Amino acid sequence: MNSSILRIGTRGSELASWQANWVAEQLRAQGVQCELVKIATRGDQLPHASIEAIGTLGVFTKELQKALLDGRIDVSVHSLKDLPTEPVKALALSAVPERESPMDVLVSRNNIPLKQLPKAARIGTGSLRRMSQLRHIRPDLQLSDIRGNVDSRLRKLDDGQYDALILAEAGLKRLGLAGRITEVLSPDQMLPAVGQGALGLETRAHDTAAREAVARIDDLASHQAVLAERTLLATLRGGCLAPVGAWGRLEDDGRLKLTACVLSRNGTKRLFGEHLGNAADAVQIGRQVAEDLLAEGAGAFIEAARATG
């Protein structure tokens with residue numbers, strides 16, 4: 001941060017722009033002067049290709065990180081579920097604002113909930129994690145990959161290309177589309193992606209001014225929860241595209257609970273892990289759940305998913 005104005009980098013999609021504008025508003029309310037800088041990412045440049053086809057990790061984040069390292073921006077706003085857990089030298093995850101809902105939702109053409117969808121109903125989702133969990137509870141459904149922004153996905157649903165979609169509740173709420181939600185899927189049905197619903201504010205590690213600026217909107221409870229989730233994923237060596245679901249949250253007594261699952265690609269096998277501990281021990285909690293899952297054989301599921309991805 002070389003001036004009094006904090007330059008915030010963001011992707012150009014409608015949802016990414018909303019998120020960056022929201023961050024800017026929160027920072028301005030704390031007295032921080034800031035401006036937005038749009039950065040095109042590979043994921044945005046190929047909006048209709050599947051994530052697996054584009055090239056795995058960092059498809060929505062690498063260009064933002066490069067802009068940070070080059071000094072073109074001072075902070076990047078990530079959807080935290082898109083940010084790889086492998087650290088980038090000289091960069092730091094400096095703040096996690098208060099998290100929106102981490103849950104997945106069903107949006108169906110006729111407002112039919114998941115359990116009542118007809119056999120072989122066509123469901124659109126681009127996520128292996130969602131596909132595997134759907135296959136576990138409804139192996140009769142026909143699952144099809146879908147790409148594009150939220151609006152384009154909803155248009156495909158309305159045009160009859162799909163009977164239902166699985167989307168993140170947070171994205172629909174942020175875009176004012178919560179009215180489209182048919183059903184919020186319970187954690188028993190579908191555990192969310194690591195970091196889902198949370199924003200990550202990344203800065204250069206040694207940029208004290210930028211780190212102090214974004215720290216003003218850090219939410220400790222959200223930060224601890226996603227730290228446990230991201231440590232879990234890093235320990236599993238799963239990556240953003242693995243069939244791993246996780247949900248960290250603070251209980252009423254202030255302790256941190258982490259619930260996670262790893263599934264086979266076809267959804268026939270599901271491993272489950274959970275741990276409760278002190279919130280300050282988020283890293284240890286994430287490692288503990290990951291080690292429990294690995295002891296049950298989760299590594300083979302993750303390797304198989306990577307090999308066929």
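The values are calculated or read from the model by the stated rules, or taken from the named source; none is laboratory data. This structure is a prediction, so every number in the text was calculated from the model and none was measured. Every residue, glycine as well, gets a Cβ built from its backbone with ideal geometry; the counts of neighbours run over all protein chains shown. To get the accessible areas, we keep the full protein, side chains included, count just its heavy atoms, and leave off ligands, DNA and RNA. Shrake-Rupley method; radii C 1.70, N 1.55, O 1.52, S 1.80 Å.
Scanning the stretch 57-78 for residues that are out of contact with any helix residue (DSSP H, G or I) (no Cβ under 7 Å at 6 or more places or on another chain) and of a type in the set (S, T, N, Q) gives a single hit, 65.
Do the conditions hold for residue 135, that is, is it part of a loop (DSSP other than H, G, I, E, B) and either open to solvent by 30 Å² or more (accessible area, probe 1.4 Å) or modelled with pLDDT under 95 (or both)? Against the criterion (part of a loop (DSSP other than H, G, I, E, B) and either open to solvent by 30 Å² or more (accessible area, probe 1.4 Å) or modelled with pLDDT under 95 (or both)), residue 135 does not qualify. For the stretch 69-86, the candidate set comprises residues that are touching a Gly at 6+ places or on another chain (Cβ under 8 Å) and of a type in the set (Gly, Ala, Ser); within that set, the residue that is surrounded by the most Cβ atoms within 10 Å (Cβ to Cβ) is 76. Might you check whether a residue that is polar (S, T, N, Q), surrounded by fewer than 21 Cβ atoms within 10 Å (Cβ to Cβ) and at pLDDT below 95 occurs anywhere in the stretch 87-104? No, the stretch 87-104 has no match at all.
Taking the stretch 264-293 as the range and being in a helix (DSSP H, G or I), open to solvent by 80 Å² or more (accessible area, probe 1.4 Å) and in contact with a strand residue (DSSP E or B) (Cβ under 8 Å, 6 or more places away or on another chain) as the test, only 284 passes.
In the stretch 294-309, the residue that is nearest to residue 224 (Cα to Cα) out of those that are open to solvent by 40 Å² or more (accessible area, probe 1.4 Å) and touching a residue at least 24 places away in the same chain (Cβ under 8 Å) is 294. In the set (1) outside any helix (DSSP H, G or I); (2) under 19 Å from the mean Cα position of the chain (by Cα); (3) closer than 25 Å to residue 177 by Cα; (4) modelled with pLDDT under 95, residue 107 fails one condition alone, (4). Considering the stretch 1-20, and only residues there that are assigned to a strand (DSSP E or B) and touching an Asp or Glu at 6+ places or on another chain (Cβ under 6 Å), the residue that is nearest to residue 36 (Cα to Cα) turns out to be 7.
Scanning the stretch 263-282 for residues that are within 27 Å of residue 223 (Cβ to Cβ), within 22 Å of the chain's Cα centre (by Cα) and small (Gly, Ala, Ser) yields 273, 279, 282.
Here's a check for you: in the stretch 219-263, which residue that is within 21 Å of residue 98 (Cβ to Cβ) and in a loop (DSSP other than H, G, I, E, B) is most open to solvent (accessible area, probe 1.4 Å)? Looking at the filtered set, the residue picked out is 252.
Within the stretch 167-185, the set of residues being in a strand (DSSP E or B) and over 16 Å from the mean Cα position of the chain (by Cα) comprises 183, 184.
Scanning the stretch 153-173 for residues that are surrounded by fewer than 20 Cβ atoms within 10 Å (Cβ to Cβ) and touching a residue at least 60 places away in the same chain (Cβ under 8 Å) turns up just one, 173.
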